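Inspection log for the structure reproduced underneath, given as structure tokens.
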Amino acid sequence: MRILSMLGLTLTGALLMTGTSHAKTPEPGDQAPQSFKKQITRTVSADYLLYLPKEYSKDKTARWPLILFLHGAGERGSDVQKVKAHGPPKLVAQGKEFPFIIVSPQVPEGEWWNPETLNALLDEVMKAYRVDPDRVYLTGLSMGGFGTWNLAAESPGRFAAIAPICGGGEPRRARRIRDIPTWVFHGAKDEVVPLQASQEMVDALKKAGGDVKFTVYPEAGHDSWTETYNNPELYEWFLRHRRKTEEKK
């Protein structure tokens, strides 16, 4: 039986900031070192769709690979069902079964993908479910493609492989993800996010010595994700990769 859940997440974290340890008040017209300390509490939250594989409940010891899917700008809002418009959530809703746990969060209207929120969400899911930490994969389309590049650069030790679709990133940060196998997809006739956005990241990764594949659909416009997510080779490619820890490098 397919399991599809809709859950909410609220986490709280603290940030401690300290400065220098001097407290002498400066004389007028002079300057002196001071100190500052303040505890800051930040709450992050996300609604998301959760898919558990059909066989999840049969073997209580098995750990499962996980796909984190990031939607595009059109699926932002407060109705998490909108996330089913494209990608793995759409395929699950149509009855397709996957050998992955699939986490599909939603960004509120007017906001962007936040790495802090996504990392907190992954931490929560990995505590609650039997996830293989060495087989966590990341993919997204359009705005989610940008989010994929950014999250991977922020947390390069977290993912076994990534697949950004019609997105873009910061080439100067490519060195941070050179050890993550990457498969990039884009439509040659994309007028929303130009092909060059992906090309620059692919070129930067190659220059950094990264393991990168690049698929360009010659006749596709912005929708380069439907063909990509319908392709079984993507999921087979994910499963061929495990996270490279420091000990394994």
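Numbers at a glance
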item	result
Set of lysines near LYS37 by C-alpha distance (under 27 Å), chain-local residues within fewer than 8 positions excluded	LYS24
The chain - percent relative contact order, Cα under 8 Å, separation 6 or more	16
Derived scalar couplings ³J(HN,Hα) [region 68-84; Karplus, 6.51 cos²θ - 1.76 cosθ + 1.60; whole Hz; x for Gly, Pro]	9, 10, 10, 6, x, 4, x, 9, 5, x, 10, 10, 5, 5, 4, 5, 6
Two-decimal log10 I(q)/I(0) for the chain, as the Debye equation yields it once each C-alpha is a single scatterer, q = 0.08, 0.11, 0.14, 0.16 Å⁻¹	-0.35, -0.61, -0.92, -1.16
Helix 195-207 axis, angle to the chain major axis (alpha carbon atoms, nearest 10°)	70
Amide hydrogen neighbours beyond the local backbone of ALA46, cut-off 5 Å, H modeled	LEU9
Helix 143-154 vs. the chain, principal-axis angle (Cα, 0 to 90°, nearest 10)	50
Interatomic Cα distance distribution for region 38-168, bins of 5 angstrom, percent	2, 10, 21, 24, 21, 13, 6, 2, 1, 0, 0
Label zone at LYS207 (point 7 Å along Cα-to-Cβ), backbone N below 16 Å, region 137-180	169-178
Karplus-derived HN-Hα couplings along region 224-236 (A = 6.51, B = -1.76, C = 1.60, θ = phi - 60°), whole Hz, x at Gly and Pro	9, 8, 4, 5, 5, 6, 7, 8, x, 4, 4, 6, 5
Local electrostatic count at GLU219 - Lys and Arg +1, Asp and Glu -1, tallied over other residues with Cβ under 15 Å	-3
For VAL107, net neighbour charge (Lys/Arg +1, Asp/Glu -1) across residues whose Cβ lies under 14 Å away	-4
Helix 115-128 vs. the chain, principal-axis angle (Cα, 0 to 90°, nearest 10)	60
All-pairs Cα distance distribution in region 46-97, expressed in whole percent, bin size 10 Å	21, 48, 24, 6
Segments 126-133, 81-88 sorted - mean Cβ within 10 Å per residue, highest first	81-88, 126-133
Cα-based Rg and Dmax for region 111-184, where Dmax is the largest Cα-Cα distance (Å)	11.9, 36
Projected area, mean over directions - region 130-249, Cα convex hull, nm²	7.2
Residues of type lysines that LYS206 reaches as a straight line, Cα spacing below 22 Å, ignoring anything fewer than 8 places off in the same chain	LYS244, LYS248, LYS249
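FYI, it's all coordinate maths here, none of it is from the lab. Bear in mind the structure is a predicted one, so any value in this text is a computation, not a measurement. Heads up, the Cβs are rebuilt from the backbone with ideal geometry, glycines too, and the neighbour counts pull from every protein chain shown.
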